[in-house]
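Engineer: Can you keep this structure in mind? I'll have questions shortly.
A short reminder: the numbers here are calculations on the coordinates, not readings from a lab. All figures in this text were calculated on a predicted structure; none of them were measured in a lab. FYI the Cβ positions are ideal-geometry reconstructions off the backbone, even for glycines, and counts take in every protein chain you see.
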Amino acid sequence: MTRLRTLIDEQNTLWHRMQEIQSAAETEGRDWTAEERTNWDAAEARLTEVSGDIDRLNRAAHLNSIDRGQIVTTTGDQDDRREGGDDRAQRYADAFGRYLRGGMDRLTPDQRELMMDNEVDIRAMGGNTDVGGGFIVPDEFRNIMTETMKAFGGVFGLAEVITTSTGADLNWPTNDDTSNEGEILGENTAAGEQDIQLGGKKLKAYTFSSKQTRLSMALLQDSAFSLETWVPKKLGERIGRRAARAWTTGTGVDQPEGITTSAIVGKTGANGQTTSIIYDDLVDIEHSVDVAYRANGEYLMHDLMLKVIRKLKDGQQRPLWQPIPAPGFPATINGFKYNIDNSMPVPAANAKSLAFGDFKAGYLIRQVLDVQTLRLVERYAEYLQVAFLGFARMDGMINDSSAIRTYQHSAS
């Protein structure tokens, strides 16, 4: 916390220094001097570094909390007694931990039977595995992986997330009821009727892969190395990053429906704003979202878009971007919290580089409960390495079209 507090203080100091440079030139009605430009550029570069460090520290704190909140999975050398939880689930977690380190040959007959009960036939995907397929991961492994995906998955931490036990297609009702209202009834007057107009979409379960990640056999044999935490974190990071891109820019054809491809454009920049945005545009996009959702509104953007917005001021020459006032409080734009997701498009002609709204109401993510992992041995045997490969099935779509709007840069 001391390091975070120091960075936040430095962020505020840098920001005030930049505002003083700008204010001095505006007050005196002159251009910036060469020294002021140099000082501004240096302060801005350092501000970007500090802001990035703050984001990384917050993410690291979140990932560390995942470690502290989990029961450590053993490698099978301890007994099966553990506080809380189902005995079978605990025994499977022990067997899975031993399997990660040594493969099926290291398991007892009982542990092998437990693993086979949770085998998933994914041989069609190729690769040499210890058995014909992969295995469903234990709850602790899945929870670490899922929480890591949230830390790296952008929209995953903002949207409404539903979890299903199977990957079968899921019909999901959609509705926009913001234009409908009730009525005042007169005495002895019957209540009127107004049906809810329901739409419908189908949520699928697209398979996201982590790609292979390799570890040396020597490291696997090192009991001090927390394999049961490292593997789900690494797989979760990779899947989270790929899923984040699908949830922001996915086409909806054989992949999730992305926010920038499916949400309604709330504001288009005027001619010449191919990489820029003005204060009035931000006001317009905020008010393009129905007032019922605006109170919970947040911004979502690429880091390069934040760099553009940090230079904007309102009509009273007050910066729209406000640095973090203290640990635990978010930085804001125009009073609204913002989220950086580098899966969002960068500022460019026709690009939708910014989204605003209530993402929990407006975007829905479906994830399948079972997560699978493969342990590949023969493929990298000559390198004395073992590869791990994770799979998660998910989908995403716009749930309430009134809750989210995007900003689109001009074409020219």
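Engineer: What aspartates and glutamates could a cross-link reach from LYS337, if we take a straight Cα to Cα line under 13 Å and drop same-chain neighbours fewer than 8 places away?
Structural biologist: LYS337 reaches GLU286, GLU298, ASP358.
Engineer: If we count other beta carbons within 10 Å of each Cβ, what is the order of HIS287, HIS302, fewest first?
Structural biologist: HIS287, HIS302
Engineer: Through the Karplus equation 6.51 cos²θ - 1.76 cosθ + 1.60, θ set to phi - 60°, convert the phi angles of the range 204-218 into ³J(HN,Hα) values in whole Hz; use x for Gly and Pro.
Structural biologist: 9, 9, 6, 8, 9, 10, 7, 6, 7, 10, 9, 9, 6, 5, 4
Engineer: Moving to a separate point now. How far, in degrees from 0 to 90, does helix 2-28 lean away from the longest principal axis of the Cα atoms of the chain, to the nearest 10?
Structural biologist: Approximately 20 degrees, to the nearest 10.
Engineer: Could you line up GLU49, GLU193, GLU35 from fewest to most neighbouring Cβ atoms inside 10 Å?
Structural biologist: Least crowded to most crowded, the residues run GLU193, GLU35, GLU49.
Engineer: Along the positive direction of the dipole of the chain (beta-carbon charges: Lys, Arg +1; Asp, Glu -1; about the Cα centre), which of PHE152, VAL265, LEU282 reaches farthest?
Structural biologist: Farthest towards the positive end: PHE152.
Engineer: Label points 7 Å out from Cα along the Cβ direction at VAL253 and ALA168: separation in nm?
Structural biologist: Output for this residue pair reads 2.9 nm.
Engineer: Applying the Karplus parametrisation 6.51 cos²θ - 1.76 cosθ + 1.60 with θ = phi - 60° to the phi angles of the range 354-370, what ³J(HN,Hα) value in whole Hz is obtained for each residue in order, glycine and proline being reported as x?
Structural biologist: Running phi through 6.51 cos²θ - 1.76 cosθ + 1.60 with θ = phi - 60° gives 8, 10, 9, x, 8, 6, 5, 7, x, 10, 10, 10, 10, 10, 8, 4, 6 Hz.
Engineer: Dipole of the range 7-65 (Lys/Arg Cβ +1, Asp/Glu Cβ -1, origin at the Cα centre): which of THR13, ALA42, ILE54 lies farthest to the positive side?
Structural biologist: Among THR13, ALA42, ILE54, the one farthest towards the positive end of the dipole of the range 7-65 is ILE54.
Engineer: Would you list ARG366, ARG405 from fewest to most Cβ contacts within 10 Å?
Structural biologist: On the way: ARG366 22, ARG405 26.
Neighbour counts put them in this order, fewest first: ARG366, ARG405.
Engineer: OK, next. Working only with C-alpha atoms, what are the Rg and Dmax values of the range 1-69, expressed in angstrom?
Structural biologist: Values for the range 1-69 (Cα only, Rg and Dmax): 16.6, 57 Å.
Engineer: Read phi for every residue in the range 89-95 and hand back ³J(HN,Hα) as whole Hz from Karplus 6.51 cos²θ - 1.76 cosθ + 1.60, θ = phi - 60°, with x for Gly and Pro.
Structural biologist: Karplus-based 3J(HN,Hα) across the range 89-95 equals 4, 5, 5, 5, 4, 5, 5 Hz.
Engineer: Measuring from label point to label point, each 7 Å out along Cα→Cβ, what is the GLU20 to LYS307 span in nm?
Structural biologist: 2.6 nm
Engineer: Principal axis lengths of the chain from Cα atoms, whole Å, largest first?
Structural biologist: That works out to 81, 75, 42 Å along the principal axes.
Engineer: Oh, and also: List every residue whose amide H lies under 5 Å from the amide H of THR268, counting only residues 5 or more places away in sequence or on a different chain, with H placed 1.01 Å from N in the peptide plane.
Structural biologist: For THR268, the qualifying residues are GLN408.
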